[in-house]
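Visitor: Sending over a structure as structure tokens; questions will come in a sec.
No lab work stands behind these numbers, since they all come straight from the coordinates. As the structure is a computational prediction, the values presented were derived from the model and not from experiment. Don't worry about glycine lacking a Cβ; one is built from the backbone with ideal geometry, like all the others, and counts go over all protein chains shown.
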Amino acid sequence: MENLTAPVTEVIYPSLSERFQSTLIDTCFIVFLMFMAANLLDQYNNVPDWIRMILFFAIWGLYEPLSTSLGCTVGNFVKDIRVRRISDNSRRINLLQAYIRYILKFSLGWISFLTINGNTERRAIHDFAAASVMIKKRDIV
């Protein structure tokens, strides 16, 4: 028999401000990673420019999708928000969804956030495309 007296937890969605702060933290973290990589490469003589370029693109291209699909980015961790599947907000998105979300988010920039205040789940355009939603961490089972 189902327990009808059990509390029902309402999902809380982060505000545009919280999402912006998370993105700003992630951008600062990526810049920090780039400085660390540059300092590491400076320890070696005559590192070819193509290695620096690959490292630059790898940091930008791997950080957010991998972090999102494996758990959360540093910004998400600090702001206690997570990216989850719209169909089941207790499950993380997969790597393909994370890349779809990231490419659109990166390509559209702030335009992608125009839909946040127009829907109850506060989903951005990139969330609609990737079938994802951002939720507050305390609501994750």
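Visitor: If I take every Cα pair under 8 Å that is 6 or more residues apart in the chain, average their sequence separation and divide by the length, what percent do I get for the relative contact order?
Guide: Once divided by the residue count of the chain, the mean separation gives 30 percent.
Visitor: Here's another thing I want to ask about it. Write down, largest first, the equivalent ellipsoid semi-axes of the chain in whole Å, where each equals the square root of 5 times an eigenvalue of the alpha-carbon gyration tensor.
Guide: 34, 16, 13
Visitor: What do you get for the angle between helix 49-70 and the principal long axis of the chain? Use alpha-carbon atoms, 0 to 90 degrees, nearest ten.
Guide: Value to nearest ten degrees: 10.
Visitor: Here's a follow-up. Would you please name the chymotrypsin sites (Phe, Trp or Tyr not before Pro) within the range 40-141 that are DSSP coil residues with at most 15 other C-beta atoms within 10 Å of their C-beta?
Guide: TYR44
Visitor: Using θ = phi - 60° and the Karplus relation 6.51 cos²θ - 1.76 cosθ + 1.60, list the HN-Hα couplings for the range 91-107 in order, rounded to whole Hz, with x at every Gly or Pro.
Guide: Per residue, the Karplus-derived 3J(HN,Hα) values read 10, 6, 7, 8, 5, 4, 4, 5, 5, 4, 4, 5, 4, 5, 4, 5, 5 Hz.
Visitor: Which ³J(HN,Hα) values in Hz, rounded to whole numbers, follow from the phi angles of the range 21-27 under the Karplus curve 6.51 cos²θ - 1.76 cosθ + 1.60, where θ = phi - 60° and Gly and Pro get x?
Guide: Residue by residue, the range 21-27 yields 4, 4, 5, 5, 4, 5, 4 Hz.
Visitor: Determine, from the Cβ-Cβ distance of LYS136 and ASP88 and an R0 of 22 Å, the FRET efficiency 1/(1 + (r/R0)^6), rounded to the nearest 0.05.
Guide: For LYS136 and ASP88, the calculated efficiency is 0.85.
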